[in-house]
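**Student:** Take this structure first; my questions come after.
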Amino acid sequence: MATGAEIVATAEAELGSTNWYKYLHFCGYDFKTDWCAAFVTWVFGQYGLNRIAVPHTINCTPGRQWFIDRGRYETDKSTYTPVPGDVIYYHWSTGTEGKVQHVGIVRYVDQDYVYTVEGNVNFINGVSRVAYKKRTRLYSSIDGYGRPYLDNAVPDPVGDPELPDGNPYDPPDEYKKWYQYGSSFKWWLYGRRK
């Protein structure tokens, strides 16, 4: 079993990575799609905890449902205090009620903010990467927190590097995308191959 601190350290070791293939391939996919959930799966998988502590998925909404089905999903942002290693889910878009579009790993929280490590963020010249994020704890787009099955011996984190302000990640809806392969198009729904 791993601690939340070990999960966070593994995620942080990937900072700056643009290797979407590594994360998606770990989940059994060799095509490019949104990879935030695959990153989370990969991190927990380094401890053999994918499918045990967290869902093994490349998709956010079924991943959240995994936690809900086990009674391990917290939605009350005013009373629940996330801990390192928690899985944070975001709902970005109106018109997609019941779905979440992004996921990351909680590093730590303070009174006002939640600090995370997330994959498929901070696009530079069209290339996404693993990066730190900082958002207010009551941020309206935070849907909730999955509580993975981890060793509870999590030390208090100290400090945080300076984080630049601006540009919250605003991804397109991941549940419906078109991908072009040569001259043919394929529609991917929840990552299942047609």
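**Student:** Can you give me the % of accessible surface on segment 2-124 that is carbon or sulfur? Probe 1.4 Å, all protein chains present, nothing else counted. Could the numbers behind the result be given before it?
**Tutor:** Values: 2230 of 4700 Å².
Carbon plus sulfur share of accessible area: 48 percent.
**Student:** Residues with amide H under 5 Å of Val83's amide H, sequence separation 5 or more or different chain, H placed in the peptide plane at 1.01 Å from N; which?
**Tutor:** Long-range HN contacts for Val83: none found.
**Student:** Kirkwood hydrodynamic radius, computed over distinct alpha-carbon pairs, for segment 21-160: how many Å, to one decimal?
**Tutor:** Numbers: mean 1/r = 0.0655 Å⁻¹.
Result for segment 21-160, one decimal place: 15.3 Å.
**Student:** Ok, one more. Test of understanding: express the Cα radius of gyration of segment 92-135 as a ratio to 2.2 N^0.38 Å, with N the residue count.
**Tutor:** Values: Rg = 12.5 Å, N = 44, 2.2 N^0.38 = 9.3 Å.
Taking the Cα Rg and dividing by 2.2 N^0.38 Å, one obtains 1.35.
**Student:** For segment 122-136, in order, what is each residue's ³J(HN,Hα) by Karplus, 6.51 cos²θ - 1.76 cosθ + 1.60 with θ = phi - 60°, in whole Hz (x at glycine and Pro)?
**Tutor:** With the stated coefficients, segment 122-136 comes to 6, 4, 10, 6, x, 10, 8, 8, 8, 8, 6, 9, 9, 9, 5 Hz.
**Student:** For segment 16-79, what is the convex hull volume of the alpha-carbon atoms per residue, in Å³? Numbers along the way, then the final one.
**Tutor:** Working: hull volume 7.1 nm³, N = 64.
Enclosed volume per residue, from the Cα hull, is 111 Å³.
The values are calculated or read from the model by the stated rules, or taken from the named source; none is laboratory data. The structure displayed is predicted, hence computed values, not measured ones. Heads up: the accessible areas ignore ligands, DNA and RNA and are worked out on the full protein's heavy atoms, side chains in. Shrake-Rupley method; radii C 1.70, N 1.55, O 1.52, S 1.80 Å.
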